Amino acid sequence: MSAELIDGKAFAAGLRARVAQQVPAFAAATGRAPGLAVVLVGEDPASAVYVRSKGKMTCEAGMESFEHRLSAETSQEELIALVDQLNADPAVDGILVQLPLPGHLDSEAVLLRIDPDKDVDGFHPFNAGRLATGLPGFVPCTPLGCLMLLEDRLGDLTGLDAVVIGRSNIVGKPMAALLTAKSCTVTLTHSRTRNLPHYLAHADIVVAAVGRADFVKGEWLKPGATVIDVGINRVDGALRGDVDFAGAASVAGAITPVPGGVGPMTIACLLRNTLVAAHRREGVALDEDSI
Ligand SMILES: NC(=O)C1=CN([C@@H]2O[C@H](COP(=O)(O)OP(=O)(O)OC[C@H]3O[C@@H](n4cnc5c(N)ncnc54)[C@H](OP(=O)(O)O)[C@@H]3O)[C@@H](O)[C@H]2O)C=CC1
Ligand SMILES: Nc1nc(=O)c2c([nH]1)NC[C@@H]1CN(c3ccc(C(=O)N[C@@H](CCC(=O)O)C(=O)O)cc3)C=[N+]21
């Protein structure tokens, strides 16, 4: 292995500490802590683990966590009614509805119902549009975390060639928009891309969000590339990324591990977005770039 390890777990701990530092001043100004509501529908064990971990870290940062666990049989109307209630609740600054939802529910309609000013996931089309057009809003947590790790490692990203693998609304597309805003030359690839290794051979930055264990091979990479592995794949009970770590680590300049890379950044960015939402809603000043 020659690549440097990008320690997302450590960076995320620092970010959560910076968020926590801002909470007392907000509480002094408003008489309350920032609040995050998390909605979990059904009993998917992986989702339950994430929700528990989000709740714990929210409290550790000094913020208020409101957990809503609904049965897998919850109707669309019941879920929408809960979103409306959270939209109207002044103690709630951020709302996260854990995805994926059970198949009978219309997740697009649920995401559309969330007040865009409380949309700390950044999944509402208003916020996707704001990101695409360069307006302030909320940026999805996973790509925001990836960008923070990239800028921490590389500094100014201007002019770098970036390849994003995967075009989902929650990772690939917003990642491409963020890198474009940072003046990278971005290639957004997906399952219909004809010759992925051709694009990767030129990439200074690779962000892999495919959902297939060990998919990206070391031979495809440009020597010295910075590789961000978003993938969370469970293989025989263990977590694997979307990048063949051993192969990639002998070619890349730096790489994130799985676990301990992007995952912890996602939760830390969720807390950051909640802090930002609280300040914006209350009209309390916050230097967002310093967090
Ligand atoms: N660490 C974290 O915090 C998070 C991790 N994840 C993980 O990241 C991964 C991606 O998640 P998500 O974006 O939601 O996944 P999706 O399944 O929504 O999207 C996967 C994307 O990969 C593309 N793809 C599939 N096969 C290939 C292929 N052979 N070559 C190139 N592209 C391909 C698909 O293309 P097409 O559009 O053509 O189908 C699609 O755009 C998953 O492992 C997920 O668990 C997700 C969110 C947060
Ligand atoms: N509305 C919504 N918002 C999300 O942000 C969202 C979601 N739904 N649905 C599921 C995905 C996935 N996701 C992860 C968060 C943290 C880790 C994480 O902390 N992972 C640890 C390991 C955790 C473990 O051991 O299982 C790590 O990579 O080190 C992973 C994945 C957020 N998601």
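Against the condition farther than 17 Å from residue 122 by Cα, part of a helix (DSSP H, G or I), open to solvent by 10 Å² or more (accessible area, probe 1.4 Å) and more than 16 Å from ligand 1 (Cβ to nearest atom), how does residue 224 come out, does it pass? Considered against the rule, which asks whether it is farther than 17 Å from residue 122 by Cα, part of a helix (DSSP H, G or I), open to solvent by 10 Å² or more (accessible area, probe 1.4 Å) and more than 16 Å from ligand 1 (Cβ to nearest atom), residue 224 comes out as no.
I'd like to verify a number: residues in the range 227-266 that are in a helix (DSSP H, G or I), within 9 Å of ligand 1 (Cβ to nearest atom) and open to solvent by 20 Å² or more (accessible area, probe 1.4 Å), how many?
Applying the first criterion (in a helix (DSSP H, G or I)) to the range 227-266 yields 245-249, 262-266.
Next, from what is left, pick out any that are within 9 Å of ligand 1 (Cβ to nearest atom): 262-266.
In the following step, the residues that additionally are open to solvent by 20 Å² or more (accessible area, probe 1.4 Å) were identified as 263-264, 266.
Adding up the residues that qualify gives 3.
Among the residues of this structure, residue 290 counts as one that is at pLDDT below 95, on the phi < 0 side of the Ramachandran plot and not charged (D, E, K, R). Total residues in the range 206-221 satisfying the condition of being buried (at least 18 other Cβ atoms within 10 Å of the Cβ) and either within 18 Å of the chain's Cα centre (by Cα) or without any contact (Cβ under 8 Å) to a residue 24 or more places away in the chain (or both): the figure is 5.
Going by the structure shown, is residue 120 within 15 Å of ligand 2 (Cβ to nearest atom), crowded, with 23+ Cβ neighbours inside 10 Å and within 21 Å of residue 18 (Cα to Cα)? Explain how you work it out, then say what you get.
On the way: within 15 Å of ligand 2 (Cβ to nearest atom): yes; crowded, with 23+ Cβ neighbours inside 10 Å: yes; within 21 Å of residue 18 (Cα to Cα): yes.
Yes; evaluated as a whole, the condition is true for this residue.
Scanning the range 95-118 for residues that are closer than 21 Å to residue 67 by Cβ, in a loop (DSSP other than H, G, I, E, B) and within 16 Å of ligand 1 (Cβ to nearest atom) yields 98, 99, 100, 101.
The values are calculated or read from the model by the stated rules, or taken from the named source; none is laboratory data. Predicted model only: the values in this text are computed from it and were never measured. Heads up, the Cβs are rebuilt from the backbone with ideal geometry, glycines too, and the neighbour counts pull from every protein chain shown. Surface accessibility is based on the protein's heavy atoms, side chains included, excluding ligands, DNA and RNA. Shrake-Rupley method; radii C 1.70, N 1.55, O 1.52, S 1.80 Å.
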